[in-house]
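The values are calculated or read from the model by the stated rules, or taken from the named source; none is laboratory data. Keep in mind that what you see is a predicted model, and the values were worked out from it rather than measured. Neighbour counts run over all protein chains shown; Cβ positions are idealised from the backbone, glycine included. In case anyone asks, the SASA skips ligands and DNA or RNA and just uses the protein heavy atoms, side chains included. Shrake-Rupley method; radii C 1.70, N 1.55, O 1.52, S 1.80 Å.
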Amino acid sequence: MKISPTITMMTASLLTRPCLSFAPAIQRQLNGMGSAVVASSTRLFADTATTTTTTETSPPPPVKKKVRTRRILSGVQPTGSLHLGNYLGAIKQWVEFQNTGKFAAAENLDGEEFDDDNTEKDDDVEVVNENFFCVVDLHAITVPQDPADLEESTLASAALYIAAGIDPTKSKVFVQSHVSAHAELAWLLNCATPMNWLERMIQFKDKAKKAGTESVGVGLFTYPVLMAADILLYQADRVPVGEDQRQHLELARDIVRRFNGEYCKGGPYKKRCKKAGIPSYPAFTEPEAMIVKAGGARVMSLADGTNKMSKSDPADGSRINVLDPPKVIRDKIKRCKTDSLPGIEWDNPDRPEATNLLQIYAAVQPERSREDIMEEVKDMKWGDFKPVLADAIVAHLEPIQKRYAEVRADEEYLRGVLKEGADAADEIAQRTLKTAKVAMGFSIPK
């Protein structure tokens with residue numbers, strides 16, 4: 001299951017600031033579209049009572065804090081089962097943000113360390129997080145899917161989100177296709193995006209070359225526009241994404257500039273907005289990329305340490321699936337590719353498999369330091385290390401697998417969570433979609 005837009009978005013407009021990932025990933029006043037959180041100041045009144053000896057002043061009422069909302073939206077494709085790369089590189093970070101309000105280390109498009117603004121340190125500002133995590137089934141069908149498997153894969157992915165630590169009382173979980181604004185805005189943006197922009201997308205070139213252009217659907221060609229729609233619906237100005245989504249995020253920025261410049265300027269636009277009863281702000285916020293460093297490295301294939309762990313690899317032994325039984329995990333680790341050099345070391349560019357296996361070992365033991373791990377393994381041979389690594393992976397995944405079985409067995413609960421999440425996401429997305437349609441001149445139903 002590849003991460004589609006790991007679109008995690010942070011938006012900052014005036015006092016409100018959403019964040020999207022997925023991912024977007026990735027997480028905001030929605031440009032005046034009715035979702036602003038208004039902070040009002042309270043005048044301080046002091047009543048004094050004077051006597052011949054003292055003057056008493058009643059304590060002033062507390063000053064209300066300004067509110068800044070950060071929204072994160074991210075998603076993973078429901079193609080098959082989630083693997084260790086999906087979990088460690090995306091979902092585990094979603095859980096961390098949900099519980100702490102902080103992302104992993106990130107850098108901007110120029111390769112500089114991303115420094116969030118200082119408003120979080122302001123005692124007069126209260127930060128409120130809104131978390132949305134979706135199963136991006138619309139992205140999944142850019143390549144053929146078996147209809148008999150797609151629904152189960154979708155529900156299984158949502159159940160795994162919850163099993164991995166996404167709490168429906170803190171975050172909204174939904175299915176992308178359950179919020180129709182994603183597909184509708186993607187069509188509007190398709191009509192506003194030059195074809196030659198999409199022809200430059202490296203991922204399409206690579207996938208089309210592997211599959212053959214005669215068998216590749218148009219959806220694979222235009223999928224970056226759907227990713228842009230995912231981001232822009234939630235008015236994100238900061239989007240945590242993986243390195244492989246950098247070019248798609250740049251495309252989303254280009255689309256914003258083109259759309260706002262062509263449709264959201266001048267008197268006619270203001271008149272259309274006034275008639276529709278919405279503010280005449282530009283339709284979309286231009287997003288800025290946060291290239292998320294997933295624990296310092298990506299999880300790579302067990303068959304080739306230079307390639308990402310991927311659902312599309314036909315060799316199941318190239319990945320650890322989150323739901324793999326313990327015996328399967330141990331067999332895969334036993335057979336995974338290593339080198340013939342003595343010792344085990346980190347960050348040697350000539351030993352990518354060694355680095356990958358150590359990264360996995362560290363990721364499933366987050367309480368341990370890199371130095372502690374190196375002290376443990378420095379004298380080990382591969383035959384000694386592999387069983388230890390397998391045991392660590394099994395121990396880390398065991399509670400997730402147990403919780404997954406519980407959630408997936410209660411379908412009424414799971415579908416209820418998805419319905420609640422879709423309703424919450426739709427409320428935000430429809431406001432943005434309406435503004436885009438007004439900007440383009442569509443007739444809006446009363």
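If R0 equals 51 Å, the separation of the Cβ atoms of E376 and S58 corresponds to a calculated FRET efficiency of about 0.20.
Bridgeable lysines around K381 (alpha carbons under 25 Å apart, same-chain partners fewer than 8 residues away excluded): K308, K327, K332, K334, K337. Remark: spin-label model distance E412-K327 equals 3.6 nm, labels positioned 7 Å along the Cα→Cβ axis. Between K172 and residues 5 or more places away or on another chain, which pairs have amide H atoms under 5 Å apart, with H built 1.01 Å from N, and which residues are they? Placed amide hydrogens put N131, F132, F133 under 5 Å from K172.
Using Stokes-Einstein with the Kirkwood hydrodynamic radius over Cα pairs, what translational diffusion coefficient do you get for the stretch 293-442 at 25 °C and a viscosity of 0.890 mPa s, in µm²/s rounded to a whole number? In µm²/s, the coefficient rounds to 134.
Under 18 Å from a point placed 7 Å out from the Cα of S340 along the Cα-to-Cβ direction: which residues of the stretch 377-401 have their backbone N that close? What the label zone holds, given the 18 Å backbone N cut-off, is 381-383.
How far apart, in nanometres, would the label points at V388 and E126 be if each is projected 7 angstrom from Cα along the Cα-to-Cβ direction? Rounded to a tenth, the inter-label distance reads 4.9 nm. The Rg/Rh ratio for the stretch 247-358, using Cα coordinates for both the radius of gyration and the Kirkwood hydrodynamic radius, is 1.31.
In this calculation the C-beta distance from T306 to K270 is compared with R0 = 56 Å, giving a FRET efficiency of 0.55. Accessible area per residue was computed with a 1.4 Å probe on protein heavy atoms; D124 scores about 100 Å². Within the straight-line cut-off of under 17 Å between alpha carbons, the lysines reachable from K170 are K92, K102, K419, sequence neighbours fewer than 8 places apart in one chain being disregarded.
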